[in-house]
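Quick notes on the structure that follows.
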Amino acid sequence: MRLEGKKAVVTGGAGAIGSGICLGLAREGADVAVNYRNSEEQARKLVDEIQAMGRKAVAIQADVRQSEEIQRLIDETVSSLGRLDIVINNAATGPQIPLLELSEETLDDFLQTNLRGYFLTALHGAKQMVKQGGPGWIVNVSSISSRSMTSTYVHYAATKGGIEATTRGMAVALGPHGIRVNCVAPGAVMTPTVANMFEEPLNADPVNNRTPIGRIVTIEECVGPVVFFCSEDASGITGQVLDVDGGYTIQGMEWALSEDI
């Protein structure tokens, strides 16, 4: 119960990774506001699961592309749970699009959701934490895509790189207020969508073979680091980006030496 008594809001809380984070926070004692944009049924089921653990939970619809919606999300969280201690930025959009086929409209949507939404949610949340007198914890969910590039994810990588820079900058700005800001950057995660893709060995083998642990990570393996950053176990850590990718980003090229070389 490392988070007992803390009050959290999770953006994109009804999604696969978001749901795991919400449940992980609740298992450690936190009350949770589950944010969703469209997935109301899933959000309400998740609230029921959290309440069954003996924790408080509420589902709050809000579009993180809109500043006024973000402020309403923070206000309703405080109204329902009593205060705000933890902000988890997780809401994101992520379809792959070849760079030369990317429209400005699609790029704007990515920037508004994946970068501007994160920035403003953290900012509005931090203002509430300061108003309360602190302390506070902000965790941004990024991606190794910020540093591990593909030709169809350039727009996505740009937003994730911005998230990681925002994490470091806000850690400096908010540290004096007792607010720690960190970032978890997963690689490929075994969500239901990815599990369907990986039923085809041509999709799974190249990723698994390059990953030192021999497989991609699970949702639960992403949840643990988020909980860690919100706990006193990480009391001396801020402004950090933790890759959760099974070692994918550190794998170099292995050359097969022969007598001919």
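Quick notes
- Residue-wise HN-Hα coupling along the range 191-207, computed from phi with Karplus coefficients 6.51, -1.76, 1.60 (Hz; x: Gly, Pro): 7, x, 5, 5, 4, 5, 4, 7, 5, 8, x, 5, 7, 7, 4, x, 6
- Under the Karplus curve 6.51 cos²θ - 1.76 cosθ + 1.60, θ = phi - 60°, whole-Hz ³J(HN,Hα) for the range 63-72, x wherever Gly or Pro sits: 9, 6, 7, 10, 4, 5, 5, 5, 4, 5
- Comparing LEU111, LEU99, LEU242 in a Gaussian network model of the chain where C-alpha atoms under 10 Å apart are linked, the largest mean-square fluctuation is found at LEU99.
- All Cα pairs of the range 112-244, percent lying beyond 26 Å: 29 percent
- LYS7, LYS131, LYS56, reordered so the largest accessible area comes first (probe 1.4 Å): LYS131, LYS56, LYS7
- Gained length - SER231 relative to LYS131, 0.36 nm times residue gap less alpha-carbon distance: 33.9 nm
- Residue-wise HN-Hα couplings along the range 12-27, as the Karplus relation 6.51 cos²θ - 1.76 cosθ + 1.60 with θ = phi - 60° gives them from phi, are x, x, 8, x, 4, 6, x, 4, x, 5, 4, 5, x, 5, 5, 4 Hz; Gly and Pro carry x.
- Mean-square fluctuations from a GNM of the chain, with a 10 angstrom spring cutoff on Cα atoms, peak among VAL207, VAL241, VAL189 at VAL207.
- Counting only heavy atoms of the protein chains and using a 1.4 Å probe, PHE119 has close to 90 Å² of accessible surface.
- At full extension, ALA52 and ARG147 could sit 30.2 nm farther apart than now, given 0.36 nm per residue minus the alpha carbon distance.
- Each residue was assigned an accessible area with a 1.4 Å probe, and for ASP205 the value is about 70 Å².
- The residues packed around LEU81, meaning those with a beta-carbon under 12 Å from its beta-carbon, carry a net charge of +1 if Lys and Arg are +1 and Asp and Glu are -1.
- Dipole axis of the range 149-259 (+1 Lys, Arg; -1 Asp, Glu on Cβ), positive-most option in GLY161, VAL227, GLY247: GLY161
- Here the accessible area is traced with a 1.4 Å probe on the protein chains. For the range 136-234, carbon and sulfur cover 60 percent of it.
- Excluding ligands, DNA and RNA, the accessible surface per residue across the range 129-172 is 37 Å² with a 1.4 Å probe.
- Note on ASP109 and GLU200: their simple-model spin labels are 2.3 nm apart, each label 7 Å out from Cα toward Cβ.
- Helix 117-132 axis, angle to the chain major axis (alpha carbon atoms, nearest 10°): 30 degrees
- When the chain is treated as a GNM with alpha-carbon contacts under 10 Å, the residue of ASN90, ASN35, ASN196 showing the greatest mean-square fluctuation is ASN196.
The values are calculated or read from the model by the stated rules, or taken from the named source; none is laboratory data. Every value quoted in this text rests on a predicted model; they were computed, and no experiment measured them. So basically every Cβ, Gly included, is an ideal-geometry build from the backbone, and we count neighbours across all protein chains shown. Note: accessible area is taken over every heavy atom of the protein model, side chains too, but ligands, DNA and RNA are not part of it. Shrake-Rupley method; radii C 1.70, N 1.55, O 1.52, S 1.80 Å.
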